[in-house]
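To start, the structure under review is shown below, and the notes come after it.
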């Protein structure tokens, strides 16, 4: 690799030939804490052989829409014809172009939020026996009638989850807040990274609040302390207990 030019590296990265060298093995050894897949994807994005990356023109969107219909799912061929990375073409298609003029860009209406919740609930209910249910955002967008792209749906859903979680955490009463802060002191946590919020929630006598509820509640209380980033959990919980 040390004696290869950038062009040679790019050609090797995107070569279709099955070469018996240790090219990818050598790269992975440099970053052993990364998966082979993540190294592969990152290198292909950094050392690509395509002419264009970045902003898409309206004309390119039209061409991409046509090719996506003609060569359904053949992103490698589409990328070659567009002179762009296959992944860029795929993401542009499913995140923006697919919905076309049907895609709304204005503020979400309450009825849209309710429909999004129903669609995702339906998808998750079909995976009740799965240990790690997966939300197919392309399917969500389709079930929304194509009025919102997959990326819009995913972003909105994450905002809804955060909003609902914050609202729920704010209902934690004074006694339970005191219990939480006292428990954090008893367990003598220092860096927040050590806190197992689910384990703490399991210790609560009511067994009503989730680990995420307690985490958000703590973070909300913590934000009232000046320079809290310079303090550890023991110091923060002590200050908060004095203020309650």
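Of everything in the range 97-110 that is part of a helix (DSSP H, G or I) and farther than 14 Å from residue 69 by Cα, the residue that is modelled with the highest pLDDT is 110. Taken as a whole, the condition of being more than 21 Å from residue 73 (Cβ to Cβ) and under 18 Å from the mean Cα position of the chain (by Cα) does not apply to residue 128. Against the test of being out of contact with any strand residue (DSSP E or B) (no Cβ under 9 Å at 6 or more places or on another chain), surrounded by 14 or more Cβ atoms within 10 Å (Cβ to Cβ) and outside any loop (DSSP other than H, G, I, E, B), the options 94, 84, 66 yield a single qualifying residue, 94.
The values are calculated or read from the model by the stated rules, or taken from the named source; none is laboratory data. This one's a predicted model, so the numbers in the text were calculated from it and none came from an experiment. Here Cβ is always computed from backbone atoms with ideal geometry, including for glycine, and neighbour counts include all displayed protein chains.
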